[in-house]
Amino acid sequence: RPAELPDEVDVLIVGSGPAGMLAAAQLAQFPDITTRIIERRDGRLVIGQADGIQARSVETFQAFGFAERIIAEAYRITEMAFWRPDTNNPHNIVRGGRAVDDTTGISEFPHLIVNQARVLDYFAEVAAHAPTRLVPDYGWEFQTLEVADDGDHPVTVSLVRSAGPDQGAERTIRAKYVVGCDGARSKVRDAIGCTMAGDKANHAWGVMDVLARTDFPDIRTKCAIQSHDGGSILLIPREGGHLFRMYVDLGVVPENDNGAVRNTSMDQIIANANRILHPYTLDVRNVAWHSVYEVGHRLTNRFDDVVPGQVGLRTPRVFITGDACHTHSAKAGQGMNVSLQDGFNIAWKLGHVLEGRSPESLLSTYSAERQVVARNLIDFDRTWSTMMAKKPEEFEDPAELEDFYVRTAEFPAGFMTEYAPSLITGAATHQGLAAGFPLGKRFKSAMASRVCDTNPIHLGHHATADGRWRIYVFADPAPAGDPGPVADLAEWLSGSPDSPLAATPNGLDADAWFDVKVIYQQPHEDIDINKVPEVFKPLVGPFGLVDYEKVYGTVPGEDIFDARGLSRDGVVVVVRPDQYVANILPLTATAELGEYFARIHSGARV
Ligand code: FAD
């Protein structure tokens, strides 16, 4: 049970959905930052809400240490089936096609279905075991906030007790920063004067998680099912072998509906489902959860409290994330996933600013980066959901839906995000040195051979969500220890006052702020680890032990230099704490590397 809420915190997170829980799990890694997460429910989410987990989210779970466990319990999507009316008898549906998931190897991680509650549980576990032992404070509802022009804790937040014996009790708490992760009806968004623009009307779906007896043969396969006149179903098989979810399309909600659609009964939803599935039948035996999910395509005008053009422009103090910023249909399974990445993006930046590693201007990049992603998401979802709503006779080619699904797979898998050049994303001047690591996109892992234990491993899977920058030094062909650009770079990194590593405070491990790894072109057996420069083998922990796990060679047949189009002259690839490629430089560009970090991560030298 968490201690009483303090009067002052560094960061107050409002809402324990996917965005809030990821932000909490990330900020909890910073030992000296006081973070609290409040939630108006009286306890954890138990059931319902989203369930689609794209590969980028699984990659993120890997960084937080629970990918293997959640994969083991989830349903795995390998194919999607498309059903449509039989041309000979339109009252019957037939399987029109199948689309294999991720035919091009976008990611080594799977596409999963698992309930949102389980995702939140895993993040809660990470946060509870992190250095600050962060546990959500349930039963607190955010009311409003005010931001003062100055002061150490300029944001004053009004809360009310929403559960427990003292329900209704009010109090205030002061924060340096507030992150609104409070969903589609966000009060934090209202408090900072953001407005949602987009569809006037909502679209409604009857959603049910059910156990049923059925002769529909694809009941354990993800399906889009279109009937000739009864509407459509999105079928999502669920973890555990029997449960499945159906989204039954209830159409656009009339403006004068006044919530009537929300009274659609389970019996009506089941009757609709049976009409669409004809000639197959659905005999529902148990309803685990159901809801009428009503949503429109909407986007806020900004993601923080700074109004462009305002007199005396300051850096932001309040941020909004996830559904508080963007809403859209559930059809492309994106809601939880994009919200997670919003939380990842803002949390490490807050950590770095609060620890004094980075200037406050870093925080302005959150809105700039995530707004573009949200706009692209809404455009994609609008196209996809419009296509899914089309009547079969409106398609020029019956396979149009499957083709679109396969052609655009990188987007719903979560890998199309590409941050533009900015304070933190370098210009593409040297992109040619590392063609397979596009600047601004997430670092796409590849195999390397760890020298100390000879293990072939996925390099990116060792980038944990610990708030550290990563500097990957891909070496030139010279053997380890020979004089040359790698040796010179290593000497500069460990010895120069202009090196980013020089900002790491005394008393911390040498790699506490930067994880520097070297990947040689030779196979591991040809690398003499004793000749590898010290900066790649830092002394760590209370006993000052040598960390040998940062030195790699190539895996024969899976050479990372070939797999990612890396220059044989060597290249430095800089990766952000949230796994996006931030800069690409030649091995000799120490001045540029120093200047890059001096702008955004100069620690004590700020
Ligand atoms: P949310 O997950 O909405 O989390 C917001 C959290 O903030 C909640 O825990 C809420 O209790 C809390 N909160 C809200 N206001 C306050 C306040 N004032 N003070 C304190 N706490 C507050 N997506 C799908 O893909 N398929 C679905 O079927 C589906 N069904 C949904 C059903 C419901 C009832 C809801 C609310 C959402 C559903 N979604 C669905 C959307 C999906 O869950 C979201 O896209 C995703 O959870 C967004 O994550 P988030 O962290 O931004 O917000």
Square roots of 5 times each gyration tensor eigenvalue, C-alpha, the chain, largest first, Å: 43, 31, 21
Accessible surface of the chain [probe 1.4 Å, protein heavy atoms]: carbon and sulfur percent: 50 percent
Pair-distance profile P(r), taking every C-alpha pair of the stretch 485-606, with 10 angstrom steps and integer %: 12, 42, 36, 10, 0
Over the chain, relative contact order from alpha-carbon pairs under 8 Å, at least 6 apart, %: 15 percent
Mean Kyte hydropathy of 1.6 or more with a Cα span along the axis of at least 18 Å, helices from DSSP in the chain: none
Fraction of the pair-distance distribution of the stretch 327-476 above 18 Å, Cα-Cα pairs, percent: 69 percent
Evaluated at q = 0.11, 0.13, 0.22 Å⁻¹: base-10 log I(q)/I(0), Debye formula over Cα of the stretch 406-507: -0.50, -0.71, -1.54
Per-selection metrics, the stretch 1-143 (Cα): Rg and Dmax in Å: 19.9, 70
Protection-proxy order for peptides 330-340, 189-199, each taking the mean of Cβ atoms within 10 Å per residue, highest first: 330-340, 189-199
Sum of side-chain charges, A435 neighbourhood, beta-carbon under 14 Å (Lys, Arg +1; Asp, Glu -1): +2
The chain - accessible surface per residue (Å², probe 1.4 Å): 40 Å²
q = 0.29 Å⁻¹: log10 I(q)/I(0) that the Debye formula gives for the stretch 327-379, counting C-alpha atoms only: -1.10
Using a Förster distance of 41 Å, the FRET efficiency for D488-A128 (Cβ separation, nearest 0.05): 0.40
Quarter of the Cα convex hull surface for the stretch 116-248, i.e. its orientation-mean projected area (nm²): 13.8 nm²
Subset of K441/K531; K222/K390; K444/K537; K200/K391; K200/K441; K349/K517 violating a 29 Å alpha-carbon distance limit: K441/K531; K200/K441
Most positive-pole-ward Cα, V571, V551, T588, against dipole of the stretch 549-606 from beta carbon charges: T588
Kirkwood Rh in Å, taken over all unlike Cα pairs in the stretch 227-288: 13.1 Å
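The values are calculated or read from the model by the stated rules, or taken from the named source; none is laboratory data. Treat the numbers as computed from the prediction; the structure is a model and nothing was measured. Using ideal geometry, Cβ is built from the backbone for each residue, glycine included, and neighbour counts are taken over all protein chains shown. For the accessible areas, the whole protein counts, side chains as well, though only heavy atoms, and no ligand, DNA or RNA atoms are used. Shrake-Rupley method; radii C 1.70, N 1.55, O 1.52, S 1.80 Å.
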